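Novice: Take this structure, written in structure tokens, and hold onto it; I'll ask about it next.
The values are calculated or read from the model by the stated rules, or taken from the named source; none is laboratory data. Every value quoted in this text rests on a predicted model; they were computed, and no experiment measured them. FYI the Cβ positions are ideal-geometry reconstructions off the backbone, even for glycines, and counts take in every protein chain you see. Ligands, DNA and RNA are stripped out before the accessible areas are found, and what is left, the full protein with its side chains, is counted by its heavy atoms. Shrake-Rupley method; radii C 1.70, N 1.55, O 1.52, S 1.80 Å.
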Amino acid sequence: VEPLSEDFDPDMTTRQRVAHQTKEINCKSCHSVINPLGFSFENYDAVGRFREKEKEHPIDASAVYLTPAGESIRLGGVSDLAEFLIADPDAHRSFIEQLFQHIAHQPLAAYGVGRIDELVDVFNKQNFSVKKLLVEMAIIVAQGPQ
């Protein structure tokens with residue numbers, strides 16, 4: 001779906017347009033997850049410049065994210081989101097799976113059922129070193145799918 005144009009209501013901020021466009025029930029199943037995470041980045045414009053206002057409105061980067069486990073996490077901006085992701089084992093697991101898919105061009109599951117647990121363990125034991133994680137991924141890819 002194409003985002004609402006600024007012409008829709010020139011006084012609306014990006015956040016207001018997104019909230020308005022995604023308020024329908026058909027959108028909520030995904031956007032109830034996407035919007036709080038995205039709203040955490042509101043202090044940054046489309047090219048990553050920090051801002052405190054948009055169209056003379058103060059930026060509201062606060063949000064409440066509902067985790068897959070049903071826990072409500074209050075986010076006051078991107079720093080709070082980063083703190084949450086750093087501490088979240090599900091985020092680590094997802095990061096590892098996505099990185100492996102990017103490196104191998106195949107899903108990690110193709111390389112064995114327990115591989116994700118092995119890589120999570122390596123990532124944790126190596127103090128979250130992406131470099132060492134990539135080495136372990138390269139070894140798995142070299143061994144081939146199981």
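Novice: Please count how many residues of the stretch 1-26 are open to solvent by less than 100 Å² (accessible area, probe 1.4 Å), modelled with pLDDT of 90 or more and not hydroxyl-bearing (Ser, Thr, Tyr).
Specialist: Going through the stretch 1-26 one residue at a time, the tally reaches 11.
Novice: Under the condition of being within 16 Å of the chain's Cα centre (by Cα) and among the β-branched types (Val, Ile, Thr), which residue from the stretch 27-66 is most open to solvent (accessible area, probe 1.4 Å)?
Specialist: Among residues in the stretch 27-66 that are within 16 Å of the chain's Cα centre (by Cα) and among the β-branched types (Val, Ile, Thr), the one most open to solvent (accessible area, probe 1.4 Å) is Ile34.
Novice: Inside the stretch 19-43, can you point out the residues that are aliphatic (A, V, I, L, M) and either in contact (Cβ under 8 Å) with a residue 40 or more places away in the chain or in contact with a Gly (Cβ under 7 Å, 6 or more places away or on another chain) (or both)? So that I can check it myself, show each step before the final result.
Specialist: Our first condition is that a residue be aliphatic (A, V, I, L, M); within the stretch 19-43, this holds for 19, 25, 33-34, 37.
Matches in the stretch 19-43: Leu37 only.
Novice: Quick one: which of Arg74, Arg17 is over 24 Å from Val130 (Cβ atoms), basic (Lys, Arg) and within 17 Å of the chain's Cα centre (by Cα)?
Specialist: On the way: Arg17 fails: within 17 Å of the chain's Cα centre (by Cα).
Selected residue: Arg74, the only one of Arg74, Arg17 that is over 24 Å from Val130 (Cβ atoms), basic (Lys, Arg) and within 17 Å of the chain's Cα centre (by Cα).
Novice: Scanning for something out of contact with any helix residue (DSSP H, G or I) (no Cβ under 8 Å at 6 or more places or on another chain), of a type in the set (Gly, Ala, Ser) and open to solvent by 60 Å² or more (accessible area, probe 1.4 Å), does the stretch 110-118 turn up at least one residue?
Specialist: No - not one qualifying residue is present in the stretch 110-118.
Novice: Here is a further query. Kindly indicate whether any position in the stretch 77-96 is touching a helix residue (DSSP H, G or I) at 6+ places or on another chain (Cβ under 9 Å), more than 14 Å from Arg15 (Cβ to Cβ), of a type in the set (S, T, N, Q) and surrounded by fewer than 16 Cβ atoms within 10 Å (Cβ to Cβ).
Specialist: no
Novice: Starting from residues that are open to solvent by 60 Å² or more (accessible area, probe 1.4 Å) and assigned to a loop (DSSP other than H, G, I, E, B), keep the ones in the stretch 128-146 and report whichever is nearest to Ala87 (Cα to Cα).
Specialist: Residue satisfying both the conditions and the ranking: Phe128.
Novice: Continuing with this model, one more query. Going by the conditions given, is Val64 of a type in the set (Val, Ile, Thr) and either touching a Pro at 6+ places or on another chain (Cβ under 7 Å) or at pLDDT 95 or above (or both)? Step through it out loud before you land on a result.
Specialist: Working: of a type in the set (Val, Ile, Thr): yes; either touching a Pro at 6+ places or on another chain (Cβ under 7 Å) or at pLDDT 95 or above (or both): yes.
When the stated conditions are applied, Val64 passes them.
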